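Take a look at the structure below.
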Amino acid sequence: MAARRAVAAARRSGDGEAEKQARQEVHAAKLGLGERGPVWWDDGAPDFNRHLLKNTPYAEK
């Protein structure tokens, strides 16, 4: 959260370079938490995230 607060502070102050650095820190934190980057889990279930609901097995529920 410190990096996200730093982004906000940099935007308020108009410091583009500080904002760029803070955004890099946010990105690094998200990578470390597994929120970005390659999928780290595999449960074997098909991925229907990019399908219309009517084209998935969930349509009948």
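Laboratory data are not the source of any read-out in this text; all were calculated from the coordinates shown. Bear in mind the structure is a predicted one, so any value in this text is a computation, not a measurement. Note that we place each Cβ from the backbone using ideal geometry, even for glycine, and neighbour counts take in every protein chain shown.
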**Study point:** Inter-probe distance in nm under a simple model that places probes 7 Å from Cα toward Cβ, at Lys54 and Lys30
**Key:** 3.2
Review point. Which order, highest average first, do 48-55, 1-8, 16-23 follow once you tally other Cβ atoms within 10 Å for each residue and take the mean per peptide?
Key: 16-23, 1-8, 48-55
Point to revise | Gained length - Ala18 relative to Trp40, 0.36 nm times residue gap less alpha-carbon distance | key: 4.8 nm
**Study point:** Total charge dipole magnitude, the chain, about the Cα centre, Cβ charges on Lys, Arg, Asp, Glu only, Debye to nearest 20
**Key:** 300
**Study point:** Within the chain, helix-based [θ] at 222 nm, where runs of 4 or more DSSP H residues each add -39,500 (n - 2.57), nearest 500
**Key:** -16000 deg cm²/dmol
